[in-house]
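K.L.:
Before we start, here is the structure in question, set down as structure tokens.
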């Protein structure tokens, strides 16, 4: 697995509204995966403070990135098709 570097495409995962807003969190169910050319794009979300900045993945910790000044932290990783 490798982290995805581009800006968070929350809409691609079907999450409405502003990241961190009420509509966003009401719809948030993660992890969520969508098909990609080489497997799956998987989004992990965390709602909270700066106390938690990464999560343990299968091979190494993946840093969570904060969306602006919100309580929304995210990581998007690519996963091989065989893991689905």
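K.L.:
If I go through segment 35-50 residue by residue, how many of them are farther than 11 Å from residue 80 by Cα and touching a helix residue (DSSP H, G or I) at 6+ places or on another chain (Cβ under 6 Å)?
P.N.:
1
K.L.:
Suppose we filter segment 1-31 for residues that are modelled with pLDDT under 80, surrounded by 12 or more Cβ atoms within 10 Å (Cβ to Cβ) and not in a loop (DSSP other than H, G, I, E, B); how many remain?
P.N.:
Residues in segment 1-31 being modelled with pLDDT under 80, surrounded by 12 or more Cβ atoms within 10 Å (Cβ to Cβ) and not in a loop (DSSP other than H, G, I, E, B): 2 in total.
K.L.:
Search segment 61-84 for residues that are on the phi > 0 side of the Ramachandran plot and modelled with pLDDT under 85 and pair each with any residue that is in a loop (DSSP other than H, G, I, E, B) and surrounded by 19 or more Cβ atoms within 10 Å (Cβ to Cβ) when their beta-carbon atoms are under 7 Å apart and the residues are at least 6 apart or on different chains.
P.N.:
none
The values are calculated or read from the model by the stated rules, or taken from the named source; none is laboratory data. All of these numbers come straight from a predicted model, not from anything done at the bench. Positions of Cβ are backbone-derived with ideal geometry, glycine not excepted, and every protein chain shown enters the neighbour counts.
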